[in-house]
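Trainee: First the structure, which I've put down as structure tokens, then a few questions once you've had a look.
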2 protein chains.
Amino acid sequence: MNKLAVSPLTQDDFAPFGDVIEARGEPSFTINNGLADRFHALARVQMDDQGETVISLVHSRRQPLPHQVTVVERHPLASQAFIPCDDTPFVVVVGKAGESISPSGLQAFISNGAQGINYHAGTWHGLLLTPYAEMRFICVDRESATGNCEQRFFSDVQACFLDLD
Amino acid sequence: MNKLAVSPLTQDDFAPFGDVIEARGEPSFTINNGLADRFHALARVQMDDQGETVISLVHSRRQPLPHQVTVVERHPLASQAFIPCDDTPFVVVVGKAGESISPSGLQAFISNGAQGINYHAGTWHGLLLTPYAEMRFICVDRESATGNCEQRFFSDVQACFLDLD
């Protein structure tokens with residue numbers, strides 16, 4: 001089975017898939033009468049006319065690695081952001097938007113503990129992996145009552161796996 | 001000068017002003033192939049047709065109390081959420097949406113450390129106060145290039161103050 005390399009998460013490398021949400025460099029401006037620094041518009045929410053943007057909390061259990069990538073999904077109508085509340089790295093598996101996706105088109109990234117991510121609409125992604133600890137995330141995405149999720153399953157022969165060593 | 005009482009932040013008491021974002025009770029459902037619990041749609045983003053929802057990070061400096069409330073503002077076109085990454089209480093000052101606002105119409109709330117808030121469009125609010133420590137927030141609001149902020153200033157005679165004792 002092919003092994004998927006896990007790269008450090010950077011804005012440049014993640015750009016084809018979405019945004020990295022992190023307070024890097026100088027603040028954009030101050031708010032709150034100068035009492036707070038704002039790092040502005042680190043991600044832009046993509047939303048269709050029928051969708052509603054909602055804010056949810058997600059509590060993820062610890063998942064030991066290695067992990068076998070047997071399924072990916074995409075949300076064609078809207079972006080989806082996960083921003084951690086805990087200073088702990090997590091791992092994402094992504095593939096470029098498009099009708100077809102295969103394990104050979106996937107990339108994996110590990111965050112540095114201070115980063116969140118925003119999948120652009122249509123970006124293929126695997127499970128959000130939290131190998132080090134239970135983690136809490138703030139999620140910004142689309143109210144899903146009308147359906148906005150497509151999945152592709154890989155057979156055991158096709159599937160790849162990832163590990164951190 | 002009148003003193004503004006500071007009440008514990010609860011969904012019921014804050015409902016006229018916005019949403020309390022917290023993981024209370026049972027999760028709404030699981031996601032991520034059962035690996036994560038989701039507390040769904042704790043806040044809904046309100047956005048006009050011309051606006052764009054953006055995700056920003058805000059770093060707030062510690063502000064010792066007492067605090068004098070001399071200005072409030074509102075964003076008529078969109079909601080504005082602040083969700084803390086640190087398990088530290090913060091204080092908000094709010095007034096009901098409407099053209100007029102006076103210090104006698106204000107209420108103050110202190111969070112329990114695990115709560116965020118989402119001001120509904122039009123809710124008057126004072127400065128976001130972080131009296132205990134520097135704090136990091138995730139902010140979800142409207143790209144402001146076209147203007148979406150009105151302010152009202154109170155004279156020293158009108159102004160009220162708040163403290164935690």
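Trainee: For A:E52, list long-range residues whose amide hydrogen, built 1.01 Å from N in the peptide plane, is under 5 Å from its own amide hydrogen.
Mentor: Residues meeting the amide H criterion: A:E143.
Trainee: Ignoring ligands, DNA and RNA, how do B:R142, B:R136, A:R62 rank by accessible area with a 1.4 Å probe, largest first?
Mentor: My answer, sorted largest first, is A:R62, B:R136, B:R142.
Trainee: Tell me, how many Å apart are the Cα centres for the range A:108-149 and for the range B:42-75?
Mentor: 24 Å
Trainee: Per Stokes-Einstein, at 20 °C and 1.002 mPa s, what whole-number D in µm² s⁻¹ belongs to the range A:2-162, with the Kirkwood radius over Cα pairs as the hydrodynamic radius?
Mentor: My calculation gives 130 µm²/s for D.
Trainee: Hey, can you find the accessible area per residue of chain A for me, probe 1.4 Å, expressed in square angstrom?
Mentor: In whole numbers, chain A has 44 Å² accessible per residue.
Trainee: While we're on this one: What's the local net charge at A:S60, with K and R +1, D and E -1, over the other residues with C-beta under 11 Å away?
Mentor: Here the count lands on +1.
Trainee: Given a Förster distance of 56 Å, report the FRET efficiency between A:E99 and B:A133 from their Cβ-Cβ distance, rounded to the nearest 0.05.
Mentor: 0.70
Trainee: If the only charges are +1 at each Lys and Arg Cβ and -1 at each Asp and Glu Cβ, what is the size of the charge dipole of the range A:2-162 around the Cα centre, to the nearest 20 debye?
Mentor: 340 debye
Trainee: Here is a further query. Between rounded, prolate and oblate, where does the range A:1-83 land on the alpha carbon gyration tensor, with a ≥ b ≥ c its root eigenvalues, rounded for a/c under 1.5, else prolate if a/b exceeds b/c?
Mentor: Prolate, because a/c is 1.5 or more and a/b exceeds b/c.
Trainee: Computing the accessible area with a 1.4 Å probe over protein heavy atoms, can you report the carbon and sulfur percentage for the range A:1-99?
Mentor: Carbon-and-sulfur percentage of accessible area, whole number: 46.
Trainee: Return the value, in Å² to the nearest 100, of accessible area buried between chains A and B (probe 1.4 Å, both sides summed).
Mentor: Counting both chains, the buried surface is close to 3900 Å².
Trainee: Turning to a different aspect of this structure: Can you bin the protein assembly as shown into rounded, prolate or oblate? Criterion: square roots of the alpha carbon gyration tensor eigenvalues sorted a ≥ b ≥ c, rounded for a/c under 1.5, prolate for a/b above b/c, oblate for the rest.
Mentor: prolate
Trainee: Here's something else I'd like to know. Which of the residues in the range A:92-139 lose at least 30 Å² of accessible area when you go from the chain alone to all protein chains together (probe 1.4 Å)?
Mentor: Flagged in the range A:92-139: A:L127, A:R136, A:I138.
Trainee: What are the label-to-label distances in nm, one decimal and shortest first, from A:P8 to the same spot in the other copies, with labels 7 Å along Cα to Cβ?
Mentor: 4.5
Trainee: Taking amide hydrogens as modeled 1.01 Å from N in the peptide plane, which residues meet the under 5 Å criterion relative to A:G18, leaving out close sequence neighbours?
Mentor: A:H120
Trainee: Just to confirm the numbers: B:T30, label point 7 angstrom along the Cα-Cβ line, distances to the other copies in nm, shortest first?
Mentor: 4.8
Trainee: Moving to a separate point now. Excluding residues fewer than 8 places away in the same chain, name every one of the aspartates and glutamates whose C-alpha is closer than 18 Å to that of A:K96.
Mentor: Straight-distance partners of A:K96: A:D12, A:D13, A:D19, A:E73, A:E150.
Trainee: Report, in deg cm²/dmol and to the nearest 500, the calculated mean residue ellipticity at 222 nm for the protein assembly as shown, where each DSSP H run with n ≥ 4 adds -39500 (n - 2.57) and the sum is divided by the residue count.
Mentor: My calculation for the protein assembly as shown gives -500 deg cm²/dmol from helical runs alone.
The values are calculated or read from the model by the stated rules, or taken from the named source; none is laboratory data. Bear in mind that the values here come from a model prediction, so they are computed numbers and not experimental data. Methodologically, a virtual Cβ is constructed for each residue, glycine included, from the backbone with ideal geometry; neighbour enumeration extends over all protein chains shown. Remember, those area values only see protein heavy atoms, side chains included, never the ligands or the DNA or RNA. Shrake-Rupley method; radii C 1.70, N 1.55, O 1.52, S 1.80 Å.
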